[in-house]
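Novice: Before anything else, here's the structure in question.
The values are calculated or read from the model by the stated rules, or taken from the named source; none is laboratory data. All values reported here derive from a predicted model rather than from experimental measurement. Please note: Cβ atoms are built from the backbone with ideal geometry, for glycine as well, and neighbour counts cover all protein chains shown. These accessible areas exclude ligands, DNA and RNA; they are computed on the full protein's heavy atoms, side chains included. Shrake-Rupley method; radii C 1.70, N 1.55, O 1.52, S 1.80 Å.
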Amino acid sequence: MTTPVSLALAIGALVAGAVVGYLVARARTRREEARPPGPTVAELLERLVRSSNNGVVVLNRFGDMVLHNPRAYELGLVKVNQADPRARKAAEQVVETDEPLEIDLSPLEARGRQPEAVLGQVRPLGDGFTVVEAVDHSEAIRLEAVRRDFVANVSHELKTPVGAIALLTEAVLDAAEDVEEVRRFGGKILRESTRLGQLVTELIALSRLQGAERLPDLNVVEVDAVVREALGRTTLSAESADIRITTDNPSSLLIEGDRTLLVTALSNLLENAVAYSPAGSPVSISRRLADGMVEIAVTDRGIGIAEDEQQRVFERFYRADKARSRATGGTGLGLAIVKHVAANHGGSVGLWSRPGTGSTFTLRIPAHVSPEPAPEPTRAAKTSPAPRQEKTPERTPRLVVTGQDSPDHGGNL
């Protein structure tokens, strides 16, 4: 039989439990309300590790992975859910010595476009944990290799005309009494000095395009004006080589760029086409608008370029036909300049070629987009001036202009 005392105790316990539950729920609600919105520090640290451009792996004392990010897979630090054996061995040493250690984590086998030079640093975290951080130095290694090659190539290319000028000068001094010999050697000295000056000029232009020097302000440039001026520069060499240059009809296309650089790039393509074409063969220029890009194509019926050399022709000092380049006095920098001019304008240069048939080089530059007409400004508003557009006087070189001789931009010759 339940006594009044026991009944009172039971009721008191229920009331006390309800009160305690209410107080606990209220305290939890207050804590949740007091918690600031947004991620926690732990969540932010995890996001930082995952978004890092370096490969990060945390190992325990047994060499097992505790944490890693996607970049670790890309750099080869993690393979098949295991850390690189070199990193695990270095981690064991770091746990024993409690001192950071640098290791080489470069791929043992080069395959495709994977990183070539990866440097890792192993640091202790305490309690037997270590962190391995891998950094990709491939681009720096490639740039250093390019710099060494560039210095070696420049030294070689400059040494050739300088040496020739020195020898020819000695020959002139020895033949001082022979007027004909002096005239003959003098002509050779003039050609070598001209070649030397051209080489230095193109080296300066290329260094500006590749370096940190700021390009001139881009203006709205007429494609037809660029074509006319480039044709004017190439007329003399084309007539000397008995090459006929044809163009399609004016296009009225506009691009944003530096006119001087664009003319230089197109002139280099034309000079290249003339130099590598047999006498009497045609060279043609065509222009069109495709997918927001202005395409200027230069097609020749020359010797063509082998498929395995088509990517290398844009390298500095590379010549597909070294014997012909020496005969024409080429520097091997023309196509490299074209590539960098296109890149600095947000465009590209393409090549189609077939040995014995000819080549088509296509310069692609983003087209100028005319701004939409703005609404009528109020009296308080100020209108901004329209972009400056370059105008050039009409200059028609001695060239055949026709719409039928222009090649298809796909490269069908």
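Novice: Specify the residue that is surrounded by the fewest Cβ atoms within 10 Å (Cβ to Cβ); the eligible residues are those in the stretch 42-94 that are assigned to a strand (DSSP E or B), touching a residue at least 24 places away in the same chain (Cβ under 8 Å) and touching a helix residue (DSSP H, G or I) at 6+ places or on another chain (Cβ under 6 Å).
Specialist: Among residues in the stretch 42-94 that are assigned to a strand (DSSP E or B), touching a residue at least 24 places away in the same chain (Cβ under 8 Å) and touching a helix residue (DSSP H, G or I) at 6+ places or on another chain (Cβ under 6 Å), the one surrounded by the fewest Cβ atoms within 10 Å (Cβ to Cβ) is Val56.
Novice: Follow-up. What is the number of the single condition among (1) farther than 25 Å from His368 by Cα; (2) small (Gly, Ala, Ser); (3) assigned to a helix (DSSP H, G or I) that Ala265 does not meet?
Specialist: Condition (1) is where Ala265 drops out.
Novice: Mind checking which pairs have a first residue in the stretch 341-360 that is under 14 Å from Ile303 (Cβ atoms) and a second that is among the charged types (D, E, K, R) and open to solvent by 60 Å² or more (accessible area, probe 1.4 Å), Cβ under 6 Å, 6 or more apart or different chains?
Specialist: Between residues of the stretch 341-360 that are under 14 Å from Ile303 (Cβ atoms) and residues that are among the charged types (D, E, K, R) and open to solvent by 60 Å² or more (accessible area, probe 1.4 Å), the close pairs are Gly358/Arg301.
Novice: Another question about this same structure. Among what's in the stretch 239-262 and is free of Cβ contacts under 8 Å to residues at least 60 places away in the same chain and open to solvent by 90 Å² or more (accessible area, probe 1.4 Å), pick the residue that is nearest to Ala279 (Cα to Cα).
Specialist: As a first pass, look at the stretch 239-262 and keep what is free of Cβ contacts under 8 Å to residues at least 60 places away in the same chain: 240-243, 250-252, 260.
Okay, now just the ones that are also open to solvent by 90 Å² or more (accessible area, probe 1.4 Å), so 240, 242, 250, 252.
On the way: Ser240: 9, Asp242: 5, Pro250: 27, Ser252: 32 Å.
Among those residues, the one meeting the criterion is Asp242.
Novice: Here are the criteria: (1) modelled with pLDDT under 80; (2) more than 28 Å from Ser252 (Cα to Cα). Tell me which single one Ala279 does not satisfy.
Specialist: With respect to (1) modelled with pLDDT under 80; (2) more than 28 Å from Ser252 (Cα to Cα), Ala279 is out only on (1).
For (1) open to solvent by less than 20 Å² (accessible area, probe 1.4 Å); (2) at pLDDT below 90; (3) touching a helix residue (DSSP H, G or I) at 6+ places or on another chain (Cβ under 8 Å); (4) of a type in the set (Val, Ile, Thr), each residue gets a yes or a no:
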{"site": "Ser286", "(1), (2), (3), (4)": "yes, no, no, no"}
{"site": "Val298", "(1), (2), (3), (4)": "yes, no, yes, yes"}
{"site": "Ile303", "(1), (2), (3), (4)": "no, yes, yes, yes"}
{"site": "Gln310", "(1), (2), (3), (4)": "no, yes, no, no"}
{"site": "Val313", "(1), (2), (3), (4)": "yes, yes, yes, yes"}
{"site": "Asp321", "(1), (2), (3), (4)": "no, yes, no, no"}
{"site": "Thr328", "(1), (2), (3), (4)": "no, yes, yes, yes"}
{"site": "Lys339", "(1), (2), (3), (4)": "no, yes, yes, no"}
{"site": "Thr360", "(1), (2), (3), (4)": "yes, no, no, yes"}
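Novice: A further question on this structure: For residues that are among the small types (Gly, Ala, Ser) and within 28 Å of the chain's Cα centre (by Cα), scanning just the stretch 47-68, find the one that is nearest to Arg123 (Cα to Cα).
Specialist: So in the stretch 47-68, the residues among the small types (Gly, Ala, Ser) come out as 51-52, 55, 63.
Of the ones still in play, those that are also within 28 Å of the chain's Cα centre (by Cα) are 51-52, 55.
Values: Ser51: 20, Ser52: 17, Gly55: 14 Å.
Taking the candidates together, the pick is Gly55.
Novice: Report yes if some residue within the stretch 138-148 is surrounded by 14 or more Cβ atoms within 10 Å (Cβ to Cβ) and at pLDDT 75 or above; otherwise report no. Steps first, answer last, please.
Specialist: Going through the stretch 138-148, the residues surrounded by 14 or more Cβ atoms within 10 Å (Cβ to Cβ) turn out to be 138, 141.
Checking which are at pLDDT 75 or above leaves us with 138, 141.
Yes - at least one qualifying residue is present in the stretch 138-148.
Novice: Being among the small types (Gly, Ala, Ser) and not in a loop (DSSP other than H, G, I, E, B) is the filter here; which residues of the stretch 281-315 pass it? Before the answer, list the steps.
Specialist: Filtering the stretch 281-315 down to residues among the small types (Gly, Ala, Ser) leaves 281, 284, 286, 290, 292, 297, 302, 304, 306.
Of everything in the stretch 281-315, those that are among the small types (Gly, Ala, Ser) and not in a loop (DSSP other than H, G, I, E, B) turn out to be Ser284, Ser286, Ala290, Ala297.
Novice: Select from the stretch 115-128 the residues that are open to solvent by less than 80 Å² (accessible area, probe 1.4 Å) and in a strand (DSSP E or B) and write down the one among them that is farthest from Glu99 (Cα to Cα).
Specialist: Going through the stretch 115-128, the residues open to solvent by less than 80 Å² (accessible area, probe 1.4 Å) turn out to be 115, 117-124, 126, 128.
Remaining after also requiring in a strand (DSSP E or B): 118-124, 126.
On the way: Val118: 21, Leu119: 17, Gly120: 14, Gln121: 11, Val122: 9, Arg123: 7, Pro124: 7, Gly126: 11 Å.
Per the stated criteria, the residue is Val118.
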